[in-house]
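Heads up, the thing below is written out as structure tokens.
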There are 2 protein chains.
Amino acid sequence: MKIAQVSPLMESVPPKLYGGTERIVAYLADELTALGHEVTLFAAGDSVTTARLEPVWPCALRLDPGMRDYLAPHVVMLEMLARRVEEFDIVHLHIDYLGYPMLRRIGVPFMTTLHGRLDLPELKRVYEIFDDVPVVSISDAQRDPLPRANYVATVHHGIPEQLLMPCSGSGDYLAFLGRISPEKAPDAAIRIAAKAGMQLKIAAKVDKVDQQYFAERVEPMLAASHVEFIGEIGDEQKAEFLGNAAALLFPIAWREPFGLAMIEAMACGTPVIGFRNGSVPEVIDDGVTGFIVDDEEQAVLATKRLHRLDRGRIRRVFEARFSARRMAEDYVKIYRGLIARDRPLRQAVSAG
Amino acid sequence: MKIAQVSPLMESVPPKLYGGTERIVAYLADELTALGHEVTLFAAGDSVTTARLEPVWPCALRLDPGMRDYLAPHVVMLEMLARRVEEFDIVHLHIDYLGYPMLRRIGVPFMTTLHGRLDLPELKRVYEIFDDVPVVSISDAQRDPLPRANYVATVHHGIPEQLLMPCSGSGDYLAFLGRISPEKAPDAAIRIAAKAGMQLKIAAKVDKVDQQYFAERVEPMLAASHVEFIGEIGDEQKAEFLGNAAALLFPIAWREPFGLAMIEAMACGTPVIGFRNGSVPEVIDDGVTGFIVDDEEQAVLATKRLHRLDRGRIRRVFEARFSARRMAEDYVKIYRGLIARDRPLRQAVSAG
């Protein structure tokens, strides 16, 4: 199958450090290529992929200090895509709605994975008018604020099976991984660890927008003797950081659309204690790969039951449910369905 | 002629107070309608026009406190336009490059007026790939940083002939009108007036991004006894504010793409003392409608020569060069040229 993957340009594919969407695009493009498909990846020029790279911009926009207008490179990308569109059986967008007016008229089957939160009021109107555009949610829960888009499936994210391998879990500490932000609730993690009488290691980046929150709400708590703040880490450090942890704390205070950190922990055989919110109940198998809890108190109690979980089994559940291969195969099924549906239309267009 | 005008949605058309692009779109749509054309205006729903309004969003985005994503309504607008495109002979865009990938493929003649600065590095790549899209500059000088776009004309802005009528000019003060920002250099205006021994009245808004500049650089100067800060004013107040002034000071410190305040002053019969930068030498007839100067000292000297200028003649030059009627007629010529050029193509498309 000839597949175009259209990535955001903010980060390279995969991103150098943190960055959800571009990371998933990277895994998907590589796995589809490994499955024998011809994949063309529209992305920042410093991306690294086994697919054929169409370098839209010299480097990731976030790294270009002269950059003023982040929209312009994405519109350039749409034009580059349009000029080659005859070459593709399917176009898979990861850039939200930007290309819809063009792609609806160009005669190629296309679909979009919605990577972000769907509770922005503007999106209601967007998906009223684009009610025929096939979209994929990354969890069922993600759909709640925007129930009326044309969802064709939920495809949970996956990561390469060999990317993060299990460690012993003997570190006897709790782990927090992600961004420092009110939604991710590192303060809750710090309180839970304190009440559980355990060490907490925090591996997290602090975005500019979250600097104030970090300084006012989190930094004062870091002085506690049970807390260690490590900063942002890359994949090489993650296996050790997660794999040696007794559990990952995921005390989110928002509708997490997916939550990659959860499956990264599972890949390492590490259980997850997650708050019942957003995608968490879909991702954690309660009592198998971790515990789903409703508040900090339940989270503390859950730390006492971690010994009941089988880390080997957590790894096996990860392999079955959250590998990049499974994700790629899910998408291929969707591509096939859309191509079959659109075939009569496309023949009509190309017949002119 | 059936004309679609596609406006930005940030402000209503016309905007309630300050706001360049949407104001020009308003004048153009009304004048084209007065000339007998069928004009459809894609704009915010609280716009007021003699054209047919296609209300894309309930109100101007700047006034919608719940608004998070300003791009979404513009993409919705492109889709609304695309669905009606068969109805139009020509589409005139005022939203930069956003619609190019779609419009290049939809078979309707279209063009864009470039309203902003063209020195953003991203635009080079945009107009390399969209080198066939007809664009109009609002001054010849505006083109300098981006010489290779497909310019089909320069069309200077115009305002309705009766919008601002002359007053006596007997106020014996200098006027500053616009935004408080480093580019507009209100500090230079304050110094010039001081050295000229004249009062300065400042009618200006302070945008959020310019708050710090205002507080640090301008506010301390407002205490001077020769300065009066009036704040933001609407059209009703402008005729009096400008018309009673001895001159408008326009000491800009950037490549002003056009500079509406200059022609507003001229409409009132008021001369303009402008710095040689950007569009200024194209807009001011030196020694007729004002003086073009190179620095603050020359500006001070120019205030001594204002009595040599004929305010009646300034008004007549305004009527000849900068009326909305002239602007609309210029655009109609361009529309006709593009329609004639694209006709064979369009017949081919509609013949299928």
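Residues in segment B:86-108 that are in contact (Cβ under 8 Å) with a residue 24 or more places away in the chain and either β-branched (Val, Ile, Thr) or not in a helix (DSSP H, G or I) (or both): how many?
15
For the structure I just gave you, tell me whether B:ILE159 is in contact (Cβ under 8 Å) with a residue 24 or more places away in the chain and either among the aliphatic types (A, V, I, L, M) or crowded, with 18+ Cβ neighbours inside 10 Å (or both). Steps first, please.
On the way: in contact (Cβ under 8 Å) with a residue 24 or more places away in the chain: yes; either among the aliphatic types (A, V, I, L, M) or crowded, with 18+ Cβ neighbours inside 10 Å (or both): yes.
For B:ILE159, the condition - in contact (Cβ under 8 Å) with a residue 24 or more places away in the chain and either among the aliphatic types (A, V, I, L, M) or crowded, with 18+ Cβ neighbours inside 10 Å (or both) - is met.
What do you reckon, is B:ILE106 over 16 Å from B:ASN150 (Cα atoms) and more than 10 Å from every other protein chain (Cβ to nearest Cβ)? Outline the logic, then answer.
On the way: over 16 Å from B:ASN150 (Cα atoms): yes; more than 10 Å from every other protein chain (Cβ to nearest Cβ): no.
Considered against the rule, which asks whether it is over 16 Å from B:ASN150 (Cα atoms) and more than 10 Å from every other protein chain (Cβ to nearest Cβ), B:ILE106 comes out as no.
Taking the criterion of being within 25 Å of A:LEU163 (Cβ to Cβ), in a helix (DSSP H, G or I), touching a His at 6+ places or on another chain (Cβ under 8 Å) and of a type in the set (A, V, I, L, M), would at least one residue in segment A:236-249 satisfy it?
Residues of segment A:236-249 within 25 Å of A:LEU163 (Cβ to Cβ): A:236-249.
Filter once more, keeping what is in a helix (DSSP H, G or I): A:236-243.
Checking the rest, the ones that are also touching a His at 6+ places or on another chain (Cβ under 8 Å) come to none.
So far as segment A:236-249 goes, no, none of its residues is within 25 Å of A:LEU163 (Cβ to Cβ), in a helix (DSSP H, G or I), touching a His at 6+ places or on another chain (Cβ under 8 Å) and of a type in the set (A, V, I, L, M).
I'm checking my understanding of the structure. Among residues of segment B:109-120 that are more than 9 Å from chain A (Cβ to nearest Cβ) and in a loop (DSSP other than H, G, I, E, B), which one is nearest to the chain's Cα centre (by Cα)?
Initial filter on segment B:109-120 (more than 9 Å from chain A (Cβ to nearest Cβ)): B:109-119.
Then drop every residue that is not in a loop (DSSP other than H, G, I, E, B), which leaves B:109, B:115-119.
Details: B:PRO109: 24, B:HIS115: 7, B:GLY116: 9, B:ARG117: 11, B:LEU118: 14, B:ASP119: 17 Å.
Checking each candidate, the answer is B:HIS115.
Restricting to segment A:70-97, name every residue that is open to solvent by less than 40 Å² (accessible area, probe 1.4 Å), over 16 Å from B:GLU128 (Cα atoms) and at the interface with another protein chain (Cβ under 9 Å from one of its Cβ atoms). Quick ask: steps written out before the conclusion?
Start the filter on segment A:70-97 by keeping residues that are open to solvent by less than 40 Å² (accessible area, probe 1.4 Å), which leaves A:72-82, A:85, A:88, A:90-95, A:97.
Retained after the next criterion (residues that are over 16 Å from B:GLU128 (Cα atoms)): A:85, A:88, A:90-95, A:97.
Passing the criteria: only A:TYR97.
With the requirement that a residue be open to solvent by less than 10 Å² (accessible area, probe 1.4 Å) and in contact (Cβ under 8 Å) with a residue 24 or more places away in the chain, what does segment A:23-39 give you? Before the answer, list the steps.
The first filter runs over segment A:23-39 and keeps only residues open to solvent by less than 10 Å² (accessible area, probe 1.4 Å), leaving A:24-26, A:28-29, A:32, A:39.
Correct list: A:ILE24, A:VAL25, A:LEU28, A:ALA29, A:LEU32, A:VAL39.
With respect to the numbered conditions (1) more than 25 Å from B:ARG305 (Cα to Cα); (2) among the charged types (D, E, K, R); (3) over 20 Å from the mean Cα position of the chain (by Cα), which one is the sole condition not fulfilled by B:ASP235?
(3)
Looking at (1) facing chain B (nearest Cβ under 10 Å); (2) in a strand (DSSP E or B), can you tell me which one A:GLU54 breaks?
It fails just one condition, (1).
When the residues of segment A:199-209 are filtered to those that are of a type in the set (A, V, I, L, M) and buried (at least 17 other Cβ atoms within 10 Å of the Cβ), which remaining residue is nearest to A:ASP295 (Cα to Cα)? Even if it seems obvious, please write down each step before you answer.
Step one: filter segment A:199-209 for residues of a type in the set (A, V, I, L, M), giving A:200, A:202-204, A:206, A:209.
Remaining after also requiring buried (at least 17 other Cβ atoms within 10 Å of the Cβ): A:200, A:202-204, A:206.
Values: A:LEU200: 18, A:ILE202: 20, A:ALA203: 22, A:ALA204: 22, A:VAL206: 25 Å.
That would be A:LEU200.
Can you tell me which residue within segment B:99-131, out of those that are acidic (Asp, Glu) and surrounded by fewer than 18 Cβ atoms within 10 Å (Cβ to Cβ), is modelled with the lowest pLDDT? If you could, list the steps in order and put the result at the bottom.
Let us first name the residues in segment B:99-131 that are acidic (Asp, Glu), namely B:119, B:122, B:128, B:131.
From what is left, the residues that are surrounded by fewer than 18 Cβ atoms within 10 Å (Cβ to Cβ) are B:119, B:128, B:131.
Numbers: B:ASP119: 92, B:GLU128: 97, B:ASP131: 97.
Of everything passing the filter in segment B:99-131, B:ASP119 is modelled with the lowest pLDDT.
Among the numbered criteria (1) touching a residue at least 12 places away in the same chain (Cβ under 8 Å); (2) in contact with a Pro (Cβ under 9 Å, 6 or more places away or on another chain); (3) open to solvent by less than 40 Å² (accessible area, probe 1.4 Å), which single criterion is violated by B:LEU146?
Among (1) touching a residue at least 12 places away in the same chain (Cβ under 8 Å); (2) in contact with a Pro (Cβ under 9 Å, 6 or more places away or on another chain); (3) open to solvent by less than 40 Å² (accessible area, probe 1.4 Å), B:LEU146 violates only (2).
Is there any pair with a first residue in segment A:288-316 that is without any contact (Cβ under 8 Å) to a residue 24 or more places away in the chain and a second that is of a type in the set (Phe, Trp, Tyr) and open to solvent by less than 20 Å² (accessible area, probe 1.4 Å) whose Cβ atoms are under 7 Å apart and which are 6 or more apart or on different chains, and what are they?
A:ARG305/A:PHE291
Residues of segment A:179-198 being open to solvent by 10 Å² or more (accessible area, probe 1.4 Å), within 15 Å of A:ALA302 (Cα to Cα) and touching a Phe, Trp or Tyr at 6+ places or on another chain (Cβ under 8 Å), which ones?
A:MET198
Inspect all residues belonging to segment B:224-243 and state whether any of them is closer than 19 Å to B:PHE291 by Cα and of a type outside the set (A, V, I, L, M, F, W, C).
Yes, segment B:224-243 contains at least one residue that is closer than 19 Å to B:PHE291 by Cα and of a type outside the set (A, V, I, L, M, F, W, C).
Run B:PHE176 past the list (1) within 24 Å of B:VAL300 (Cα to Cα); (2) open to solvent by less than 40 Å² (accessible area, probe 1.4 Å); (3) in contact with an Asp or Glu (Cβ under 9 Å, 6 or more places away or on another chain) and report the number of the one that doesn't hold.
Condition not satisfied by B:PHE176: (3).
For segment B:226-276, name all the residues that are buried (at least 24 other Cβ atoms within 10 Å of the Cβ) and polar (S, T, N, Q).
The one that is buried (at least 24 other Cβ atoms within 10 Å of the Cβ) and polar (S, T, N, Q): B:THR270.
Is it the case that some residue within segment A:311-322 is within 23 Å of A:ILE138 (Cβ to Cβ), among the small types (Gly, Ala, Ser) and touching a helix residue (DSSP H, G or I) at 6+ places or on another chain (Cβ under 6 Å)? Outline the logic, then answer.
Let us first name the residues in segment A:311-322 that are within 23 Å of A:ILE138 (Cβ to Cβ), namely A:314-322.
Checking which are among the small types (Gly, Ala, Ser) leaves us with A:320.
The next check asks that each one be touching a helix residue (DSSP H, G or I) at 6+ places or on another chain (Cβ under 6 Å); those that pass are none.
No, because not a single residue in segment A:311-322 is within 23 Å of A:ILE138 (Cβ to Cβ), among the small types (Gly, Ala, Ser) and touching a helix residue (DSSP H, G or I) at 6+ places or on another chain (Cβ under 6 Å).
Taking the condition of being open to solvent by less than 40 Å² (accessible area, probe 1.4 Å) and either farther than 20 Å from B:VAL126 by Cα or among the hydroxyl-bearing types (Ser, Thr, Tyr) (or both), how many residues in segment A:46-66 meet it?
The number of residues fulfilling the criteria is 3.
The values are calculated or read from the model by the stated rules, or taken from the named source; none is laboratory data. Only a predicted model underlies this, so the values are computations on that prediction, with no experimental measurement involved. Every residue, glycine among them, receives a Cβ derived from its backbone with ideal geometry; neighbour counts consider all protein chains shown. To get the accessible areas, we keep the full protein, side chains included, count just its heavy atoms, and leave off ligands, DNA and RNA. Shrake-Rupley method; radii C 1.70, N 1.55, O 1.52, S 1.80 Å.
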